[in-house]
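The values are calculated or read from the model by the stated rules, or taken from the named source; none is laboratory data. Keep in mind that what you see is a predicted model, and the values were worked out from it rather than measured. Neighbour counts are summed over all protein chains in view; Cβ atoms, including those assigned to glycine, are modelled from backbone coordinates with ideal geometry.
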Amino acid sequence: MSKNIQLIRGMHDVLPAQSPLWRRLEQGLQQLMDAYAYEEIRMPVVEKTELFVRTIGAVTDIVEKEMYTFEDRNGDSLTLRPEGTASCVRAGIEHGLLHNQIQRLWYKGPMFRHERPQKGRYRQFYQAGVEAFGLAGPDIDAELILMTSRLWSMLGIKGLVLELNSLGSAAARESYREHLVAYLQQHQDQLDEDSRRRLHSNPLRILDSKNPALQAMIAAAPQLADHLDDESQQHFATLRSLLDAAGIQYTINPRLVRGLDYYQKTVFEWVTDRLGAQATVCAGGRYDGLVEQLGGRATAAAGFAMGLERLLALMEDDQVPAVNCRPHAYLVMVGEQAVPVGLVLAETLRDQVPGLRLLSHCGGGSFKNQLKRADKSGARVALILADDELDKGQVTIKFLRQQQEQQSLEQQDVSGFLTDLLMSEEGE
């Protein structure tokens, strides 16, 4: 006999016991986006490979090592999206959303990277992202950071640290690149294999190396801040003043470069020391050249993305309460005659009591066994329909979570009772 088919390495199931905390996070995201009046966009999980090669960069780890790429039946090269910004920009250009317009968009969904699985890093993982188009000033950069700070407060996540940097303009970064390469070449014998490979293709990524043996050499490298153009310096200074005025604490990290080639000027990350090697929870910045790079007209743009599994791990660590998904009531139906009456009554109650979570018993069984299931469900009350109740047109209410005498109600009065039950739960 063959073995059971197992989950693919690096993928993960979200089981029913975990879903309430996911719902808490997703509801928080929706409330946040509504509070800032951002509009939702939904993109496909499969795109042409060229989209990510052109935007992320051909010599990045994501494109070189991590993308799930395949040929379809037509011979086209397709890729499961490794991130959301490129897809969002592609959709904006294709549907005419960006030219001479301001758009504030957000999305959430699965992304795919063939990485070594570890805590907070999966091969299928979920991200939420925000993209703002048509706004060139540092005020939108500040708003994006304020949004993330507000989300941590809404979710009850503590201890995240904001790191900031400026990558300057493309021209300033190219000038800095020449100085950096010259410095690194002087220390080439100290570089590890990855760094030597990146030396001429993507030298700024060497600054982000986590290899302890390279840290002293990296710390002595030329500073990007010394090569920033005047406009980028002013942009960054204004952003810092806006964050100061809003009371947002941050650290300037001159080694923060981000792993995607399209960033320029502002970059930021929210980091933690509670997730092992996966320190970054949320990251973003400006990418003013990306729309033009993909064939659209030059458009200012900024955004961020956050890993939902990492946020969930922090929520669990901070003991953030999950959404209550337990039923309010469990409908016990004893005897064949009770089932058709009970199923109709259940539909009526769901119509009449908004927000009611009512679990109807199915599968038959004795009265005792049905009550056991009612108690196990976590419901606050059992609604009992048996021969006695059917004869009188009533429903018996049995309290499962408090010491209170059971009571009988006319069927038409049950909706009022359940409405009061829900209101008392909201007040608790």
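Hey, among T266, T272, T299, T280, which residue is closer than 20 Å to G96 by Cβ and β-branched (V, I, T)? Let's see the steps before the verdict.
On the way: T266 fails: closer than 20 Å to G96 by Cβ; T272 fails: closer than 20 Å to G96 by Cβ; T280 fails: closer than 20 Å to G96 by Cβ.
Matching residue, one of T266, T272, T299, T280: T299.
Can you list the strands (runs of 3 or more DSSP E) lying wholly within segment 1-82 that have 1 or more residues being under 22 Å from the mean Cα position of the chain (by Cα) and hydroxyl-bearing (S, T, Y)?
By residue number, 68-71, 77-80.
Would segment 403-424 turn up any residue that is in a loop (DSSP other than H, G, I, E, B), crowded, with 16+ Cβ neighbours inside 10 Å and more than 32 Å from the chain's Cα centre (by Cα)?
Taking every residue of segment 403-424 in turn, none turns out to be in a loop (DSSP other than H, G, I, E, B), crowded, with 16+ Cβ neighbours inside 10 Å and more than 32 Å from the chain's Cα centre (by Cα).
From the list I206, I145, which residue is outside any strand (DSSP E or B), assigned by TED's automatic domain parsing to the domain that holds V89 and either buried (at least 19 other Cβ atoms within 10 Å of the Cβ) or touching a residue at least 12 places away in the same chain (Cβ under 8 Å) (or both)?
From the options I206, I145, the qualifying one is I145.
Consider I62 carefully, then state whether it is within 24 Å of R297 (Cβ to Cβ) and either without any contact (Cβ under 8 Å) to a residue 12 or more places away in the chain or not hydroxyl-bearing (S, T, Y) (or both).
Values: within 24 Å of R297 (Cβ to Cβ): no; either without any contact (Cβ under 8 Å) to a residue 12 or more places away in the chain or not hydroxyl-bearing (S, T, Y) (or both): yes.
Against the criterion (within 24 Å of R297 (Cβ to Cβ) and either without any contact (Cβ under 8 Å) to a residue 12 or more places away in the chain or not hydroxyl-bearing (S, T, Y) (or both)), I62 does not qualify.
Here are Q103, Q127, Q118: which of them is surrounded by fewer than 18 Cβ atoms within 10 Å (Cβ to Cβ) and either within 25 Å of T299 (Cα to Cα) or touching a residue at least 40 places away in the same chain (Cβ under 8 Å) (or both)? Before you say what the answer is, go through the steps one by one.
Details: Q103 fails: surrounded by fewer than 18 Cβ atoms within 10 Å (Cβ to Cβ); Q127 fails: surrounded by fewer than 18 Cβ atoms within 10 Å (Cβ to Cβ).
After ruling out the rest, the residue left standing is Q118.
With respect to G247, is the statement that it is out of contact with any Gly (no Cβ under 9 Å at 6 or more places or on another chain), surrounded by fewer than 12 Cβ atoms within 10 Å (Cβ to Cβ) and assigned by TED's automatic domain parsing to the domain that holds K158 true?
So G247 passes the test.
Give, as residue ranges, the helices (runs of 4 or more DSSP H) completely inside segment 308-380 that count at least 3 residues that are free of Cβ contacts under 8 Å to residues at least 24 places away in the same chain and surrounded by 13 or more Cβ atoms within 10 Å (Cβ to Cβ).
Details: elements: 308-317, 338-352, 367-377.
In segment 308-380, 338-352 are the helices (runs of 4 or more DSSP H) which contain 3 or more residues that are free of Cβ contacts under 8 Å to residues at least 24 places away in the same chain and surrounded by 13 or more Cβ atoms within 10 Å (Cβ to Cβ).
In segment 164-199, which residues are in a strand (DSSP E or B) and either more than 33 Å from the chain's Cα centre (by Cα) or surrounded by fewer than 19 Cβ atoms within 10 Å (Cβ to Cβ) (or both)?
none
Is it the case that segment 55-75 has a residue that's touching a Ser or Thr at 6+ places or on another chain (Cβ under 8 Å) and aromatic (F, W, Y)?
yes
Of the numbered conditions (1) of a type in the set (A, V, I, L, M); (2) modelled with pLDDT under 95; (3) part of a loop (DSSP other than H, G, I, E, B), A86 fails exactly one; give the number of that condition.
Looking at each condition in turn, A86 falls short on (3).
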